[in-house]
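Below is one structure, written out as structure tokens; comments come after it.
Read-outs throughout are calculated quantities, based only on the coordinates presented, and are distinct from any laboratory measurement. The model shown is predicted, which means the values in this text are computed figures rather than measured ones. Note that each Cβ is placed from the backbone with ideal geometry, even for glycine, and that neighbours are counted across all protein chains shown.
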Amino acid sequence: MRPSALLLAAALILPVAGCAASPSAAPATAAPTAAAVPTAAALPTVAAVSPRPTARVGTVLPPVLLTPGTTSAGLRVGQFAVFSVDSPADWTAVAAPAGIVEVTQGTAVNGVATNPGAKALKIGTATVTLTRAGATPLVFTLKVEGVVLQ
């Protein structure tokens, strides 16, 4: 037998040789008992840490999407309208009379474009006109009605 194989065999046998116990000796390790494993009653419950809402959740209406072929739309106070146009940053939006809707201009930043839009502020009818150099103005009539339910 080669010396390295002999050393390997001795290394495996010697630690195990001292493990043989006499019938009168107590076992070296005790078997795990049921008390060592936590029971379901010992674990914390989820109900003890239930979250409490911090704000009231109301109804949120989706925005109304208006295209150049659309001439009018109905909105509720608090609802938004989005004017879907090509090259949104090139258009200028103006609302009349003031105070019924608040317009937001279209933008183009770092390759990301956002369309112009309007938020309904109070009950009434407003005309939103979108203009762009060399293009026919787009005119939208927005009729704002009651408030969004909350």
request  = Using only the Cα atoms, work out Rg/Rh for the stretch 64-147, with Rh taken as the Kirkwood radius, to two decimals.
outcome  = 0.96
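Can you give the net charge of the other residues whose Cβ lies under 13 Å from the Cβ of residue 75, counting K and R as +1 and D and E as -1?
Residues close to residue 75 contribute a combined charge of +2.
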Under 14 Å, Cβ to Cβ, from residue 132 - net charge with Lys/Arg +1 and Asp/Glu -1 = -2
request  = Take residue 108, project a point 7 Å from its Cα along the Cβ direction, then tell me which residues of the stretch 125-149 have their backbone nitrogen under 17 Å from it.
outcome  = 131-136
Where labels lie 7 Å past Cα in the beta-carbon direction, separation of residue 72 and residue 127 in nm = 1.3 nm
